[in-house]
Structure formats: structure tokens, C-alpha cells
Amino acid sequence: MTTPHTAASTPPPTDPHAPDPPTTGVAAPAHTGSSATRTLGLVTLAAMALLVFLAFVASPRDQVQGDLVRLLYIHPALAWTAYLACGVATTASIWHLVKKTPGSDVLAHSAVEVGAVLTALTLATGSIWGRPTWGVYWVWDARLTSTALLFLLLLGYLALHRIDAAPEVRSRRAAVVGVLLVPNVVLVHQSVEWWRTLHQDPTLARRDFDFATSDLFMFTLVYSVVVMSLVFTWLLIHRFRVGWLALQAEELWLDTAIEARRAEGAGTTEPAETTRTEPPRSEGGLP
């Protein structure tokens, strides 16, 4: 049976004047998975299946809200994991501004992307719950408005990361926005306390809340937060690995382009006085 090493034993002819490709000393992985993340994924998948059973089959209907109460097993957990993503992004952004390490920038970027998805789902499930409860999908309530601003702030971070600038410039600008995420999360969480809103007060934080009201309701509510935290962790790990591979690919491309330009300059036979002031542009667009 032919092995990959056998096929690679007779390399195709190459240009003798072409520069050797740069090496990083570490082989690039073929995927972002590992035995640990695969185990985490299986555990998360089983936990989600149990959550679906508890939320939509085992738990009873509410006497007032009916089946609408089942959204409470999803909406608060999404909001919590969105807060968690913002906390990770802010911490990584502060670290990047101080230490300027590429890993902290990739971590912050990954957390913001996952957090933006979670925040969008939080707004969507909240609107679905609000239509039969309030009579409208959206009101300019303090909690809803501050959450929408948080979502726009996350999108602003992602937009700054795609501007046409040097990598260190766009990373630094995005990190400044990332630092503002946690203060905005505090604003979102405290909005029901600081202003009069249609949104209900924090349920579990109320002093008069009866935790013995429904054992199954409380267990499913807390369990949903644990499950969504596992989902967030799995997504963050894989998104970080994708971002790290993209960073390595970008650096490898830049090193290759520089080495090719140096070889091109070393192989020229033109006299110094007739050398053109502007070298020709390569296919990569570098001067």
C-alpha cells in the first residue's frame, strides 16, 4: 500500500533560483480537533439532548404562561454565555494592550465572534417571548436597548478587525473596543435596577424568590446555564484554533513574499545606476 511518505519521496522539479520556503519548526495541524475537544463535544451533545428532554418534555406547563415558559430554559442561558464571552474578550483585550501578544488578540477576536452570535440569539429569543407577553416583539426598553448596544459594540469590534491597516494597528484598535465590553455588560445587567423597565427583575437574585417552587424548574434552569457554558467553551476552543492557523498562514505568506523579493533582487544583473526606482509588483500585491 502506498503511503504519503512514498508519494513525497520524488518531489517535482523546482526552480533552482527559487528561495526555500520558510519553516516554523511545527507542522500545521490538518484540523482543529483533538481527543480532548472531541470528548468535550460528545459530553456537550449528550448534555444538550438531556436539556431538550427536560425543557420540552419533562417540565410541566406554567399556569400563567403555558408552554411559553419553556423559553426560560434557553433565553437566560444564552444571555449568561454572552456575558461570559464578553468577559473573556475584555480580559484578552487588556492583556493584548499590555503585552501585545498575538495569542491574546486571537483569543479576544474568537470570544467576540462567539459572543456576537450568542447576543443575537439572546435578542431573538427575547423578542419571541415578548410578543405574547408584552404584545410586541420589540420596545425601547432599557434592558433591550442596552443589549442591542452591546451587540453593536461586538459588531464594531469585528469591523475594526477587518479594516485595511497593518495587523498590529487593527488589533490594537479592536482591543480598545474590547475593553468596553464588560462595562456594557454591567450596564445591561443593572438596567432593570437602575431604570423602570418592562423586563422582569433578575429571578434568582431576588431575596423573596422561593427556590422550592418547582424543583424540576430550578434544576432545568440552572442546568441550561451549565450546558450553554459547555457549548461556549467548545466553540471558543475551535474558533481560537482556526484563528491561530489563519495567523500562521498570514505570517507564512508574508515571509514567503519577502524571501521571493529578496531572491528577485539578488538575481538581477542590471547596473546600479540603471536600477528602476520602483520595483515591479508581484502577484501578491507587495511593492
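Observations, loosely collected:
- Short-range pairs are left out: with C-alpha atoms under 8 Å and at least six residues apart, the relative contact order of segment 44-184 is 27 percent.
- From the alpha carbon centroid of segment 69-84 to that of segment 97-140 is 11 Å.
- Among 113-120, 189-196, the order from most to least packed when residues are scored by Cβ within 10 Å on average: 113-120, 189-196
- Electrostatic tally near Arg61: other residues with Cβ closer than 10 Å to its Cβ, Lys and Arg +1, Asp and Glu -1, net -1.
- Radius 11 Å from Cβ of Gly130, net charge of other residues (Lys, Arg +1; Asp, Glu -1): +1
- Sum of side-chain charges, Leu97 neighbourhood, beta-carbon under 15 Å (Lys, Arg +1; Asp, Glu -1): +3
- Inter-label distance for Gln190 and Leu45, nm, one decimal - labels placed 7 Å from Cα along Cα-to-Cβ: 4.3 nm
All of the numbers you see were taken from the coordinates with simple rules; none came from a lab. This one's a predicted model, so the numbers in the text were calculated from it and none came from an experiment. Glycine gets a Cβ as well: all are built from the backbone with ideal geometry, and neighbour counts include every protein chain shown.
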